[in-house]
Structure formats: C-alpha cells, structure tokens
Amino acid sequence: MQNILQGRILPLMGAGLVYNKMELKVKEHNWSPTKFEAELNKICFMGIPLGGLSGSFFMQSLYRGTQPIPNLKISITHFLLHVRNILYVLLVSIAGVFKNRKLLNNPVVIAYTNRSERIFGIFDSLLPLMKNENILYINTMGEKVSPLKKNEKFLDIYKTTIKQYLEWRKEYKSIKRELALTLSNLKQVYGFNDITLTALNRYLKFQTLHCVALTEKFNKIKPKYILTDFDRGRYNNCVVVTGNKLAIPTYSFIHGSTEPPTGFIPILANKLLCWGEIQVKQFASLGIKPERLPIVGNGKIPSPPHSIKKHGHNSLNICFAGNNIAMNERLALFNLIGDATRKINHIDYIMKIHPAEEKIDYQSVQDINSHIKIIESKELSNKSLFEKTDLLLVHNSTIMIEAIAHGVPVLIINHPEVTFPIGIGQHLLVIPGYPQIHTSRELEQFILSVQRDHHCLEGLFEKCLIFIHEYCRYFGDESIREQIKVFENHV
C-alpha cells in the first residue's frame with residue numbers, strides 16, 4: 001500500500017522546467033533520512049559528502065508517519081535568488097579586479113536561520129561575552145544584523161563570482177553520472193517521482209555552488225569556529241559541511257523541542273549543544289556518541305526563581321500558548337479551554353498563537369469563545385507576556401521552559417482527541433502530584449480551585465521547578481560560560 005502525499009508548487013519556468021503541481025508517492029515505512037543521506041554521502045563534491053546538503057530539501061512528517069515531503073518551496077526560493085544574482089555575478093567579478101575588500105581574520109562564523117526572538121536570541125545572549133572576537137554573520141534569506149559593529153561583517157553566499165561558478169561547473173561534471181545513477185536507485189527504493197528528483201538535483205547544484213564560495217572565503221579568513229542555531233536548517237548545512245571539510249570546529253545549538261529528536265539527525269556539526277541530561281539520552285539512544293553531546297544549558301533563559309512571580313494585580317491572568325499543529329486539533333484545544341473558562345468570571349484570558357498561525361485561523365470558533373483575546377506572536381514578546389501571566393496553558397510548546405524560568409507556572413492540556421504528542425510536557429506529567437488535565441471539566445475545576453486559593457499555583461510551580469532543573473542544567477550567564485568552555489577546549 002502506498003501513502004499519497006500532495007503538495008502545491010508555485011508555477012516555475014526556468015532551465016526548460018515547468019512545475020505546477022506535485023504528487024509524491026512514497027512507499028510506506030521505507031523512508032529513513034539517515035539511510036537516504038548515507039547513500040548520497042557515498043558521493044563527494046570537493047571532499048564534501050552530498051547527503052548532509054540534501055537535509056533541508058525534505059520536510060519530515062515527524063509525528064504522523066515518517067514519509068518525506070519535498071520542500072519544493074525551498075528549491076524554488078534557491079532558484080529565484082540565484083536568478084536575481086546573475087547580474088551581480090558579472091558586476092562582482094569585474095569589481096573584484098579593482099577592489100580589495102578588507103577581510104576579518106579568524107572570525108567566529110554565525111550562521112542563523114532568521115532574526116526572530118526564538119532563533120537569534122540564542123546568539124544575542126552569547127555575543128556580549130564575545131566582544132573581543134571578530135564575527136562573520138551568514139544568513140541566506142537576507143535578514144541582516146544591523147547595525148554592524150566594527151568587528152562584524154555580513155556574508156551573502158548567493159553572491160558568487162564567475163570564477164567560482166566555473167570551478168563549481170568543472171567539479172560537478174565529475175560527479176554528474178554517479179549522482180544520476182544514485183538518484184535513480186533512490187527513486188526505486190522510495191518511490192519518488194521524476195519532478196521530485198529533478199528538483200532535488202537542481203537543489204544540490206545550488207547547495208554545492210554555495211560550498212565552493214564558502215570554501216574560498218573560509219580559506220582566506222580562517223574561521224576560529226562556526227556556530228549555528230540548526231545545522232540541518234536550510235542553507236546552514238552548507239556552512240557546516242564546508243567547515244567540517246576544512247577542519248573548522250562546528251557547533252549547533254538546539255533551537256526548540258527535541259520531542260521527538262528525529263528532526264535533528266543525522267547531526268552534521270561536530271557537536272550538538274544540549275540543554276541537559278534528558279536530551280543527551282535522547283540522542284545517545286539514536287546512536288550519537290556522548291562526546292558529541294556536551295551539556296551547556298540554555299543561555300536564553302534566566303535561572304528560575306524559587307517561587308512564583310508576584311504580579312500585584314487582583315484578577316487572574318491566564319494565557320494559552322498555541323502550536324502550529326493540524327487545524328482541527330488546534331481548534332479542539334481552543335474549544336476545550338473556551339468551554340472550561342466561559343462561565344468563570346474575574347479572569348483575563350488570552351491566547352498567544354504560534355508565529356506560523358494567523359488570527360483568521362480561529363474565526364470559526366471566536367464568536368463562542370469571545371472571552372478569550374487572541375494575539376499574534378509579533379504583537380507581544382514572550383518577556384512581556386510573562387510579566388502579565390499568572391498561569392500558562394500549553395499542549396506542546398517550548399515556551400513553557402521560558403515561562404517557568406520567569407516564575408510562571410505551567411499546566412499541560414492533554415486533550416484525548418489530539419493525536420499530536422505533548423512533547424516536553426510528558427516530563428512534567430510524570431512528576432508525582434502534577435495535575436492531569438484531559439477535559440474542559442478538569443480544567444474548569446483546577447481554575448476554580450486557584451480562584452479559591454492562589455497557593456494552588458505555588459504548589460504547581462514547585463513541580464515545574466523539579467522538571468526544569470532536570471531538563472536544563474545551566475541558565476543565563478552560567479550557560480554562556482559553559483558554551484565558551486566547549487568552544488575554547490575544542491579549538
């Protein structure tokens with residue numbers, strides 16, 4: 001039996017290719033990113049195994065089966081950005097003859113996915129203790145760090161020279177036949193169609209072209225080490241595998257939930273910086289050697305207080321943090337909370353939706369749950385949210401870690417009709433005495449008990465503290481110091 005996954009592609013015409021709609025057929029239970037990448041890793045481009053460069057092309061269906069979904073949006077983005085830079089290629093090649101750009105020597109390279117609080121906050125907490133280092137930022141989506149300090153530069157790896165292109169073309173021709181045979185074999189194993197393989201082949205061309213440009217740059221500037229928020233993220237993988245080839249130490253932070261950890265493997269960086277023992281055990285169980293899994297904690301979050309934060313307001317403020325799961329399951333959670341809170345007065349309710357969500361997603365149920373104010377992620381920072389919140393409700397969200405660290409107790413909503421796993425929350429539910437909330441009635445009873453006696457929140461927070469200290473060993477500046485120890489010892 002074959003599982004049929006459908007995805008839409010924007011119309012694209014270029015290099016004789018026209019894509020309008022893709023229908024991918026994948027043999028059930030056969031897909032394994034580790035095995036797939038291992039096959040591609042048998043082919044090397046300039047000493048770089050190709051498997052790691054393919055990682056961001058496939059989006060994993062992590063929870064409902066393990067079939068791959070081709071990320072053709074990324075492939076198209078890659079293509080269009082290169083088309084945009086055709087003129088630049090000519091200009092920079094000519095200008096390069098006359099202009100000698102000043103380079104940073106031995107910089108720390110920071111390859112980041114975006115400038116969001118969730119992602120770049122990893123580096124914001126680290127940079128003040130790296131003020132004596134030269135910093136080279138790399139982001140391929142154009143989200144630049146601004147303003148740049150004197151010891152900082154930004155590199156756009158799409159801006160390739162003619163010389164680099166010609167070098168790439170020669171090297172790629174040498175592996176072209178072997179790659180075609182390997183892709184043909186993988187097509188038979190996994191049931192990919194021709195459109196998917198053509199797009200993957202083009203994607204690998206762009207990825208390897210980036211590696212040529214990065215190799216030339218890194219050979220000139222001799223990076224001290226490379227940091228990234230996600231080594232398997234789109235285009236970050238080019239930076240990491242090029243660093244590996246040149247024996248530059250590479251490190252990847254953990255930017256979010258590792259429940260399940262399969263989205264983080266195969267690990268491309270030399271080391272994956274874990275928050276605590278739970279994550280180390282997760283990855284070790286998947287065959288990752290413990291020496292590649294140093295525990296450094298989480299520098300983004302402060303050391304948790306010993307008791308809940310006193311907000312100084314009389315009413316009770318409750319927030320539900322959403323997650324970008326299946327729409328029917330999002331609505332089921334929203335309705336559970338709405339049913340539980342509709343008749344309880346003197347409480348302010350808000351829902352902060354996931355950055356990938358929009359308010360309109362909840363329009364169908366907003367009328368019957370009008371007592372819950374929905375706000376978008378960009379409207380309110382997490383820090384501001386925690387200052388106002390007495391109790392945070394979550395199903396599966398890493399925001400719970402930050403909330404506890406800011407003195408906000410967390411309650412897990414484990415809706416029986418929601419198949420999406422509760423992730424990190426499972427470690428809270430096993431703590432003796434932690435409330436088990438499956439229904440609107442159970443949630444209603446808990447909130448009423450809090451109204452009668454606010455000490456219920458203090459008891460809940462005590463259990464949250466047990467969890468967070470098990471999950472994360474170091475916080476704030478102590479975590480940053482542990483990170484720098486790892487970098488310096490490796491170098």
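The values are calculated or read from the model by the stated rules, or taken from the named source; none is laboratory data. Bear in mind the structure is a predicted one, so any value in this text is a computation, not a measurement. Quick reminder, even Gly has a Cβ in these numbers, built from the backbone with ideal geometry, and neighbours come from all protein chains shown.
Numerical summary
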item	result
Members of the range 125-138 found to be part of a helix (DSSP H, G or I) and either crowded, with 17+ Cβ neighbours inside 10 Å or free of Cβ contacts under 8 Å to residues at least 40 places away in the same chain (or both), listed by number	Leu127, Pro128, Met130
Residue in the range 176-202 that is surrounded by the most Cβ atoms within 10 Å (Cβ to Cβ), counting only those that are under 24 Å from Val239 (Cβ atoms) and at pLDDT below 85	Ala199
Qualifying positions in the range 317-332 - in a helix (DSSP H, G or I) and either under 20 Å from the mean Cα position of the chain (by Cα) or crowded, with 21+ Cβ neighbours inside 10 Å (or both)	Arg330
Filtered residues of the range 372-395 (kept if assigned to a loop (DSSP other than H, G, I, E, B) and either outside the structural domain of Asn323 (by TED's automatic domain parsing) or surrounded by fewer than 23 Cβ atoms within 10 Å (Cβ to Cβ) (or both))	Glu376, Leu380, Ser381, Asp390
The range 406-447, subset in a helix (DSSP H, G or I) and in contact with a Cys (Cβ under 8 Å, 6 or more places away or on another chain), residue nearest to Pro302 (Cα to Cα)	Leu428
Meets criteria (of a type in the set (Phe, Trp, Tyr) and out of contact with any helix residue (DSSP H, G or I) (no Cβ under 6 Å at 6 or more places or on another chain)) for Tyr190	yes
Every residue from the range 139-173 that is part of a loop (DSSP other than H, G, I, E, B) and among the basic types (Lys, Arg)	Lys144, Lys149, Lys150, Lys159
Output for the range 448-463, where each listed residue is in a helix (DSSP H, G or I) and either touching a Cys at 6+ places or on another chain (Cβ under 9 Å) or among the charged types (D, E, K, R) (or both)	Ser449, Val450, Arg452, Glu458, Glu462, Lys463
